[in-house]
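Working notes, structure below.
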């Protein structure tokens, strides 16, 4: 199954259509700027909490087509969370983390 990242307006974080194949990413880059916060992504840390593949100018991934499984929301769902959550629950959990990062709630966590 191919997963698609849906681009939504910056102010549309919570207004998403439930689609099993779509994660409503705003492409803010915050998940790439705080890889030190999760054990699963620490191997990507370039030493300052930011992913070594993060391109600040584009807020994108320099290896997007070859990015690790942990960076692929849909793939993570299929591999690790499908038996624990529905797709809608999983998207909701991820959107809460996105919101917390944008509000700075997780940014200071060691």
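The values are calculated or read from the model by the stated rules, or taken from the named source; none is laboratory data. What you are looking at is a predicted structure, and each value in this text was computed from that prediction instead of being measured. Glycine gets a Cβ as well: all are built from the backbone with ideal geometry, and neighbour counts include every protein chain shown.
Assorted remarks:
- For segment 87-101, the count of residues that are surrounded by fewer than 16 Cβ atoms within 10 Å (Cβ to Cβ) and either at pLDDT below 90 or part of a loop (DSSP other than H, G, I, E, B) (or both) is zero.
- Residues within segment 68-86 that are loosely packed, with under 14 Cβ neighbours inside 10 Å and under 12 Å from the mean Cα position of the chain (by Cα), tallied: 1
- Search result, residues across segment 56-67 that are touching a residue at least 24 places away in the same chain (Cβ under 8 Å) and loosely packed, with under 15 Cβ neighbours inside 10 Å: 56, 59, 60
- Any hit, segment 33-55, residues being on the phi > 0 side of the Ramachandran plot, loosely packed, with under 12 Cβ neighbours inside 10 Å, part of a loop (DSSP other than H, G, I, E, B) and modelled with pLDDT of 90 or more: yes
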